[in-house]
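Below is one structure, written out as structure tokens; the observations come after it.
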Amino acid sequence: MPYENISASISPEKLQEIKAAIALLDANMPFLISLTPDERRKRVKMGDKSLAFVSNSLNVTQNNADVVPASFNVAEFSRDYQLTIALTEVLNLLEQLSEKVDDTLMAVGSESMASSLLVYDYVKTAAKHAPGLKSVADQLGERFKAMGNRRAKPEPSTAQAISPIG
């Protein structure tokens, strides 16, 4: 859906409600863990295609108990699979929400930056005629100082410096 302009706000009270809702989600899943990058690399990965394989494997163990050793915990396997299904659904919903928050943040950030650039131009222009605005323009210009060093203007080549006679 295209947007014209985002004109919205989140009150401090509403922000607290949102944070509380996120905390509630976290509290409702006390089993969640954090893996290190090394632990993530060492794990066997399960994607969408693997889900059917795991489901079929569970069905085999539930319908053919003699296929697996008695020490194999079929009930735990089933719980892991059911949690995988539930967490996949939760993750899909969170990813959709995260994408919308990210897109909105990008759009409103872009709007803020565009407005700031206009203000900077207005202040630079006004600073030429109004006393006391030069320091304000310089302060706003701090954001662009490093960029000036990166974008050195190319020197015109000899061919460009000579204008054709026509």
**OP:** Would you list, by chain and number, the lysines whose Cα falls below 16 Å from the Cα of residue 124, excluding same-chain residues fewer than 8 positions away?
**Re:** 134, 145
Original post:
How much accessible surface area, in Å² rounded to 10, belongs to the heavy atoms of residue 123 with a 1.4 Å probe?
Top reply: 20 Å²
**OP:** Give the residue from 110, 120, 31 lying farthest towards the positive end of the charge dipole for the chain; charges sit on Cβ (+1 for Lys and Arg, -1 for Asp and Glu) and the dipole is referred to the Cα centre.
**Re:** 120
Subject >> Structure-derived semi-axes √(5λ) of the Cα gyration tensor in Å - corresponding label in [x] 23, 19, 14; [y] 59, 26, 16; [z] 36, 19, 16 >> reply: [y]
Original post:
So, by mean Cβ neighbours within 10 angstrom, what's the order for 41-49, 76-84 with the highest one leading?
Top reply: 76-84, 41-49
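Cα gyration tensor of the range 70-127, axes a ≥ b ≥ c as square roots of the eigenvalues: rounded (a/c below 1.5), prolate (a/b > b/c) or oblate? Intermediate values should be presented prior to the final figure.
Values: a/c = 13.91, a/b = 6.06, b/c = 2.30.
Taking the square roots of the gyration eigenvalues as a ≥ b ≥ c, the range 70-127 is prolate.
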Original post:
Hey, what D do you get for the range 6-73 in µm²/s if you plug the Kirkwood alpha-carbon radius into Stokes-Einstein at 20 °C and 1.002 mPa s?
Top reply: 127 µm²/s
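Where does each of 95, 39 land when they are ordered by accessible area, with a 1.4 Å probe and the largest first?
Sorted descending by solvent-accessible area, the residues read 95, 39.
Under a Cβ-only charge scheme (Lys and Arg +1, Asp and Glu -1), can you give me the dipole magnitude of the chain about the Cα centre, in debye to the nearest 20? Present the calculation step by step, with values, prior to reporting the outcome.
Numbers: 18 positive and 20 negative charges, 184 e Å.
It comes to approximately 880 debye.
The values are calculated or read from the model by the stated rules, or taken from the named source; none is laboratory data. Nothing here was measured: the structure is a model prediction, and the numbers come from that model. Heads up, the Cβs are rebuilt from the backbone with ideal geometry, glycines too, and the neighbour counts pull from every protein chain shown. Accessible surface areas use protein heavy atoms only, side chains included; no ligands, DNA or RNA. Shrake-Rupley method; radii C 1.70, N 1.55, O 1.52, S 1.80 Å.
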